[in-house]
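Values in this text are rule-based calculations from the coordinates and carry no lab data. Predicted, not measured: the structure shown is a model, and the values here were computed from it. No Cβ is skipped: glycine too gets one built from the backbone with ideal geometry, and neighbour counts run over all protein chains shown.
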């Protein structure tokens, strides 16, 4: 299992697009930092805003880039991992060896989760460094109107939880992308089908809109609003999609 994960990990970083995407993401972090600092205001919603400072800057930074991660970079990685190697015939080379399909599937999920964690970790560290370089830090901070106040240490914990919820949302996105990729071998069709599925959640109940409105909903959840419906929907999607992908992989003929 560990050998499959390392093999998958090496293939990911052997692709030029991985380093290029990470470089572009860091560049976007810098551009978003410049624009946020120039405006000096972070928006919870179109109607709610607050002054930026060192403690709340990291959460508003990832808010600015959540759209890029959700609709471009992460779906590209997820679908390339599942569809690209199927189209190129790499699956056949791997599965002719005495490896269980489920181990390869777990290695792919694990490597994609690790890639997601790297992007979020880079943004988290970048946001804190930029925030402390550009702003002063108040003694306490309220992250949402009428929400609780946090000390400096509590603010670090809040921003960490904020990024962790983003990570969970992206794990659900991985489940959707891997399911679509497993039943739709064409990478381009799978990519646009994944994006269409995410956009369709705008017309679903509010508890399913976290793919598009991830930052607003994360603020609300951390403020104690609709936590049970949110986590129920989130983990429900994760359980259902991952289970379906596992079933497809157990039955599909990858050697043809």
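Numerical summary
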{"read-out": "Between helix 57-68 and the chain: long-axis angle, C-alpha atoms, 0 to 90°, nearest 10", "value": "40"}
{"read-out": "Gain on full stretching of the segment that runs from residue 167 to residue 101 - 0.36 nm per residue minus C-alpha separation", "value": "21.2 nm"}
{"read-out": "Cα-based helix-to-principal-axis angle, 187-200 vs the chain, degrees rounded to 10", "value": "40"}
{"read-out": "For the stretch 18-83, convex hull volume per residue from C-alpha positions, Å³", "value": "90"}
{"read-out": "Ascending count of other beta-carbon atoms within 10 Å, so fewest first, for 17, 108", "value": "17, 108"}
{"read-out": "The chain, helix-only ellipticity at 222 nm - DSSP H runs n ≥ 4, -39,500 (n - 2.57), divided by all residues, nearest 500", "value": "-23500 deg cm²/dmol"}
{"read-out": "Nitroxide proxy distance, nm - points 7 Å out along Cα→Cβ at residue 189 and residue 50", "value": "4.6"}
{"read-out": "Hull shadow area, averaged, the chain [alpha-carbon convex hull, nm²]", "value": "14.1"}
{"read-out": "Förster-model FRET efficiency, 30 Å R0, residue 151 and residue 27, C-beta, rounded to 0.05", "value": "0.35"}
{"read-out": "Cα long-axis angle, helix 227-251 against the chain (0 to 90 degrees, to the nearest 10)", "value": "20"}
{"read-out": "Alpha-carbon Debye profile of the stretch 151-205, log10 I(q)/I(0) at 0.29 Å⁻¹", "value": "-1.07"}
